[in-house]
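Scroll down for the structure; my scribbles are underneath it.
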Amino acid sequence: MDAFVIQGGTRLRGRLRVHGAKNAALPLMAATLLADQPVVLHDVPDLADLRNMGQLLGTLGCQVQRDPDQGLRLSVCDQTKSEAHYDIVRTMRASICVLGPLLARRGKARVSMPGGCDIGDRPVDLHLRGLRALGADIRLEQGYVTAQASQLRGGRVFLGGPFGSTALGTANVMSAATLAKGQTIIDSAACEPEIADLACLLNKMGAKIQGAGTPRIVIDGVDQLGGAEHTVIPDRIEAGTYIMAAAITNGDIILENCPIDSLAAVMDRLFEVGVELEPMADCDAGNDGMRQTVHVASTRRLEPVQVVTQPHPGFPTDLQAQMMALLCLADGNSIITEKIFPDRFRHVAELLRMGANLVRSGSTVLIGGTRHLSGAPVMANDLRASASLVMAGMAAKGVTIVNRVYHLDRGYERMEVSLQKLGAQIERVDRSPV
Ligand code: EPU
């Protein structure tokens, strides 16, 4: 099992390009099950989760070919299969994304229930509510969701739940509704940029979707969808992670392909912390707010802040752990409240081992800023928690070993190579947890 060995204390400096977004690419890939012709996706990062999605699509009759220059080409050649088996679904919760497309295009789907994970229970009741509103007959049998509908029909559905809307639930219902008879209105839809990106691809394929990226999405069903070519949006969470990594090391970096338009809440908090973030003129990137070049600098003591995670456009839960690592070194007391996944705190115990001053009460953590963290062997069973430990390790005194980095490999393309480019002393080694 691979681990990262990090010698702390180096300030990050240099230039890095943000990859395409994992959480956009997953539902985009699943949506290609709706298409009658090949779909080509560009800037799909090379990540374990996306390879798993490719494998799952393979079992569902979709050919997936990756070409370094031509992108990822997905073409359905067999429409008879409709089962997403437990063996794949248990490795990747986002497998649930195939439910809506399979049901809409093939009239039936049998998808293993994803179950919980290290960040919480993660139910799928809202996905099922949405698909039922389109006329699907849905049952839970032997750990599988079995869904059937010879022809979906448009309907009205409210996707708000106790923790806000649902990103993948919105993706599932919106995708299914593209081939339903008549109009579908989704209220309390997730507003994440990944949903707007999915609608963009579906519209290129011939769908009629309006309002994606807002709480109300209106979909007019069409008879069939064709092929399309699309470039995945840059990963706002990867961008946010490298911005915070620069900040925690008092670094000075330039980030290309940075989606600042979808990072407003993060930039707001980082401004209060004292991190300088300056968009730069950049002709190649076309200067659009989803693909900006940004200068990030942090040269002084960090200020404490209060952070509450919320659905987009609020502060993303996927950057909560990294923000906590950063605030461990602020000059005073900060508070983080997690409102999306109230138990998403696997990093707290590990940061404590590095000398952080943290007190958790329910879904809130009080962070007493300290001058130094101390390197230690650590491990977290969650992707973003692991990212926060890498950040803490780069700022800590001495050596940190982050074990089980396969969690990081699910969401960051060769993170150690990106950080090495910025001067970090980080190495991937093959070793068992110590
Ligand atoms: N929820 C329900 N019922 C549902 C679905 C969700 O109650 O049917 C609850 C969840 O338990 C949670 C909240 O609603 O409290 C939001 O969950 P959501 O469905 O939006 O999460 P998701 O779509 O399964 C995606 C990302 C996560 C990210 C969340 C929240 C992908 C593949 N995953 O998950 O990303 O944390 O949205 O923004 O897009 C990550 O990348 O590290 C990651 C976990």
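With all projection directions averaged, the alpha carbon convex hull of the chain covers 18.8 nm².
Could you give the Stokes-Einstein D for segment 22-231 in µm² per second, using the C-alpha Kirkwood radius, 4 °C, 1.567 mPa s? Mind showing how you got there, number by number?
Working: Rh = 16.5 Å.
Estimated via Stokes-Einstein, D reaches 78 µm²/s.
Using only the Cα atoms of segment 21-108, build the gyration tensor, take square roots of its eigenvalues as a ≥ b ≥ c, and label the shape rounded, prolate or oblate: rounded if a/c is under 1.5, else prolate if a/b is larger than b/c, else oblate.
On the way: a/c = 1.76, a/b = 1.20, b/c = 1.47.
The shape class here is oblate.
For segment 341-383, which trypsin sites (Lys or Arg not before Pro) are both in a DSSP coil and crowded by at most 11 other Cβ atoms within 10 Å?
On the way: sites: R344, R346, R353, R360, R371; in loops: R344, R371.
The qualifying sites are R371.
Normalised by the number of residues in segment 22-231, what is the relative contact order in percent for Cα pairs under 8 Å and 6+ residues apart? It comes to 20 percent, rounded to a whole number. For the residues P123, P101, P313, a GNM of the chain with alpha-carbon springs under 10 Å puts the largest fluctuation on P123. Between helix 167-177 and the chain there is an angle of about 20 degrees, using the helix long axis and the longest principal axis of the Cα atoms. Could you tell me how far the Cα centroid of segment 89-139 sits from the Cα centroid of segment 265-280, in Å? Between the Cα centre of segment 265-280 and that of segment 89-139, the gap is 37 Å. Annotation: average projected area of segment 334-434 is 6.7 square nanometres, based on the convex hull of Cα atoms across all directions.
If you take the beta carbon distance between R371 and D220 as r and set R0 to 56 Å, what does 1/(1 + (r/R0)^6) give as a FRET efficiency, to the nearest 0.05? Given R0 = 56 Å and the Cβ-Cβ separation, E is 0.45.
When only C-alpha pairs under 8 Å and at least 6 residues apart count, what is the relative contact order of the chain, in percent? Could you put the intermediate results ahead of the total?
On the way: 1111 pairs, mean separation 91.1, N = 434.
Answer for the chain is 21 percent.
FYI, it's all coordinate maths here, none of it is from the lab. Everything quoted here is computed from the prediction, not taken from an experiment. Quick reminder, even Gly has a Cβ in these numbers, built from the backbone with ideal geometry, and neighbours come from all protein chains shown.
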